[in-house]
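> Below you will find the structure I want to go over with you.
Values quoted throughout were computed directly from the atomic coordinates according to the rules given, and no laboratory measurement underlies them. Everything quoted here is computed from the prediction, not taken from an experiment. Note: ideal-geometry Cβ built from the backbone for every residue, glycine included; neighbour counts use all protein chains shown.
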């Protein structure tokens, strides 16, 4: 099954009430299939074919505030166009679920994948989860609704899947039974929906005397959501047999050198790790799955014995470097024994990164860690 | 007053809001809310009415009300309406008796939110959109919008040696709304409160999108005395600058037909924003108003 189709099937299993969406490559197959499911009467939902992504997220605000289970999907420029609305969803505590088929940002125009769009919404207050394959996309879409709607959380959730490299893959995927999903995912019960029987004012403006407190409350809420996220992943694992963690490790034990990735390239990196292990090198891999709230503790635990960490960022913060590498440095700085962190930027705009490339990146990273470099980061694979 | 247009004594736009003295937009909102009743959900754009009515932790709204952003109110209302439909159909909660009403100023409606409004009208959501038209961005300090009339001085269309002030003619949004083939479009003004109440009632009763544009005189921005916003509104209608009409299923009807249009000069001279206009400028405006009135009458007779 194509991964995009599987995501739509997960939304159907979650029995979403409203889908407001606008087509954009490489996310289009998700909303096309949802439109089809609604048209065939297989999913009882309102499908709102809006005229832009800005209106997609705006309509999602409305339906979620009315108490309806709400889903949308977007990518790249679409996420940019809805940018201001994305902040509002989390600040107003509207538990929308959104799949993002990660895509590069113009210009030059590129419909292909990287993590530039993700990095532009880092600070928006959403729970953000990276998935690596189709099964994870399905499982985490279902989990996302439960996390978002849990009374202790009430926050929107983004599920990031790599555009094309993952969204358009055809893989064997297990779709859970409807009955089991129904047992796992209770009826959405928004605490104070827009309802004339119990009027509420939502979205009042905040003068300076209140604004800081509003942001403080939001931050506390997002930080505290982590324990609920862990609890829900555990419950999902107990029921369906597949467990998820904020930081996922692969052959991390006794490693001098670790590579950090996010998203579907992680599986490619695993192949490089296997090869290097076979040739006797102590190399391992870890991936950030829970991007927000940021998994400080888990990262510190994971890397505590490593001497070198090589990071491959699929985005560039122009004038600064790799954003994920920068966040990792920030997380590890308070440690007394800090590993060296070597940042690479690669896989931009759909450029493939093969297992051999990963081996080259890891080796180059080890060289830089040993000998130093006069650059803060390197862009991998530039054709000169 | 006929029974149909008798309005409710209950206030739903509570006193204590922070509108400027003499604000006819607050008056219009108050009148509108009396007709809307309790079974509504309001989505409000950023703008004067949002700012004066909702400073945390206070609210002037006795009905469910949501504000999110400046440019997206019709889309938010689309989402609410879709949510209510889904919840009702799926048996979660019966929301079938409630109407979604969107509100925005002329900036939020004619300019920055026009795409969202067009989308919502085109998709046919069952919602009433009300534009409170005070003919400029008053909330941010009197900047021109596409609804500002020709010749008006604002802070971004100042009059000067090289400028007449606003150099474009007021955008005709009711015509744009009518071009979407929606069941109900109307213009109104709180100076004609029975007409306004009748139109809001129709907008509520119609199934599908309805658009009402309410001229809301703004003494602060129009530079007129704070005790005559109602008179200024009446003058705008009487001189044909802001005719009151409705378009019901494509059929135009002029609701207030003056025996003969009053000269626009009288209306223009009552406000500081037009103070700089010469006789020639006023004649130019008069010609345009005559022309538009003629077109409207033609539409209403067909």
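> Need one number: % antiparallel among DSSP beta bridges in segment A:3-240, to the nearest 5.
On the way: 0 of 20 bridges.
Looking only at bridges with both residues in segment A:3-240, the antiparallel portion is about 0 percent.
> When Cβ neighbours within 10 Å are restricted to other protein chains, what is their mean count per residue of peptide A:51-57?
Working: counts 9, 5, 0, 7, 14, 2, 6.
For peptide A:51-57, the averaged partner shielding equals 6.
> Evaluate the relative contact order of chain A (contact order divided by residue number), counting alpha-carbon pairs under 8 angstrom at least 6 apart; express in whole percent. Don't skip to the end; give the middle numbers.
Values: 763 pairs, mean separation 58.5, N = 384.
Computed value for chain A: 15 percent relative contact order.
> Could you rank the peptides B:83-95, B:214-226 by their average count of other C-beta atoms within 10 Å per residue, with the highest value first? Don't jump to the answer; show the numbers that get you there.
Working: B:83-95: 19.8, B:214-226: 21.9.
The most tightly packed comes first, giving B:214-226, B:83-95.
> Return the distance in nm (one decimal) between the two label points of a simple spin-label model at residue A:360 and residue B:259, each offset 7 Å from Cα along Cα→Cβ.
9.1 nm
> Further question: Give me B:181, B:227 ranked fewest to most by other Cβ atoms within 10 Å of their Cβ, as a rough exposure proxy. Each step should come with its number before you reach the end.
Details: B:181 13, B:227 10.
Exposure proxy ranking, most exposed first: B:227, B:181.
> For segment A:249-379, what size does the Cα cloud have along each of its three principal axes, sorted from largest down, in whole Å?
Computed over the Cα atoms, the extents are 34, 34, 31 Å.
> A further question follows. Give, in nm to one decimal, the length gained when the segment between residue B:231 and residue B:126 is fully stretched (0.36 nm per residue of separation minus the Cα-Cα distance).
Working: separation 105, 0.36 × 105 = 37.80 nm, distance 3.40 nm.
Full-extension gain reported as 34.4 nm.
> Let me have the relative contact order for segment A:249-379, percent, based on Cα pairs under 8 Å that are six or more residues apart.
Working: 207 pairs, mean separation 36.3, N = 131.
Computed over segment A:249-379, the figure is 28 percent.
> Still on this model: Which shape class applies to chain A: rounded if a/c is under 1.5, otherwise prolate when a/b exceeds b/c and oblate if not, where a ≥ b ≥ c are the square roots of the Cα gyration tensor eigenvalues?
Since a/c reaches 1.5 and a/b is larger than b/c, the shape of chain A is classed as prolate.
> Could I ask something else about it? Run the helix sum for chain B: -39,500 (n - 2.57) per DSSP H stretch of 4+ residues, divided by residue count, reported at 222 nm to the nearest 500 deg cm²/dmol.
Values: 10 runs with 108 residues, N = 302.
Taken over chain B, the calculation gives -11000 deg cm²/dmol.
> What is the distance, in nm, between label points placed 7 Å from the Cα along the Cα-to-Cβ direction at residue B:251 and at residue B:179?
Spacing of the two 7 Å Cα→Cβ label points: 2.4 nm.
> Describe numerically, in nm with one decimal, the distance between label points set 7 Å from Cα along Cα→Cβ at residue A:179 and at residue A:107.
Going by the 7 Å Cα→Cβ label model, 5.8 nm.
> Next up: Once you sort the root eigenvalues of the Cα gyration tensor of segment A:234-299 as a ≥ b ≥ c, which label holds: rounded (a/c under 1.5), prolate (a/b larger than b/c) or oblate (the other case)? Write out the running numbers ahead of the final one.
Working: a/c = 2.13, a/b = 1.68, b/c = 1.27.
Taking the square roots of the gyration eigenvalues as a ≥ b ≥ c, segment A:234-299 is prolate.
> Between residue A:44 and residue A:171, what FRET efficiency follows from the Cβ-Cβ distance if R0 is 45 Å, with the result rounded to 0.05? Mind showing how you got there, number by number?
Values: r = 28 Å, r/R0 = 0.62.
Given R0 = 45 Å and the Cβ-Cβ separation, E is 0.95.
> A follow-up question, please. What order, most packed first, do the peptides A:373-384, B:188-199, A:177-188 have when packing is the mean number of other Cβ atoms within 10 Å of each residue?
Values: A:373-384: 12.2, B:188-199: 22.8, A:177-188: 14.0.
Final packing ranking: B:188-199, A:177-188, A:373-384.
> Run the helix sum for chain A: -39,500 (n - 2.57) per DSSP H stretch of 4+ residues, divided by residue count, reported at 222 nm to the nearest 500 deg cm²/dmol. Before the final figure, lay out the partial values.
On the way: 13 runs with 160 residues, N = 384.
Result for chain A, helices only: -13000 deg cm²/dmol.
> Give me a single rounded figure for A:15-27: the average over its residues of other chain Cβ atoms within 10 Å of their Cβ. Each step should come with its number before you reach the end.
Working: counts 1, 1, 8, 10, 2, 5, 0, 1, 0, 0, 0, 0, 0.
Mean partner shielding for this stretch: 2.
> I've got another one for you. Quick one: work out the % antiparallel among DSSP beta bridges in the protein assembly as shown, nearest 5. All intermediate terms of the calculation are to be shown ahead of the outcome.
On the way: 19 of 85 bridges.
The antiparallel proportion sits near 20 percent.
> Please find the FRET efficiency linking residue A:205 to residue A:376, where r is the Cβ-Cβ separation and R0 is fixed at 45 Å, and quote it to the nearest 0.05. Before the final figure, lay out the partial values.
Values: r = 41 Å, r/R0 = 0.90.
So the FRET efficiency works out to roughly 0.65.
> Follow-up question, since we're still on this one. Counting only other chains, what is the mean number of Cβ atoms within 10 angstrom of the Cβ of each residue in peptide B:33-42? Write down the numbers at each step before the final one.
Details: counts 0, 0, 0, 0, 1, 3, 2, 2, 9, 3.
Per residue, the number of nearby Cβ atoms from other chains is 2 on average.
> Find the relative contact order for chain B and round it to a whole percent, using C-alpha pairs within less than 8 Å whose residues are 6+ positions apart.
Working: 602 pairs, mean separation 48.8, N = 302.
Computed value for chain B: 16 percent relative contact order.
> Any idea what angle helix A:355-371 forms with the longest principal axis of chain A, computed on alpha-carbon atoms, 0 to 90 degrees, nearest 10?
Its long axis makes an angle of about 60 degrees.
> Follow-up. Under the 0.36 nm per residue contour assumption, what length would be gained going from the current alpha-carbon distance of residue A:219 and residue A:1 to full extension?
Values: separation 218, 0.36 × 218 = 78.48 nm, distance 3.83 nm.
Contour length minus Cα-Cα distance gives 74.7 nm.
> Can you give the FRET efficiency to the nearest 0.05 for residue A:338 and residue B:14, using r as the Cβ-Cβ distance and R₀ = 60 Å?
On the way: r = 58 Å, r/R0 = 0.97.
The computed FRET efficiency comes out at 0.55.
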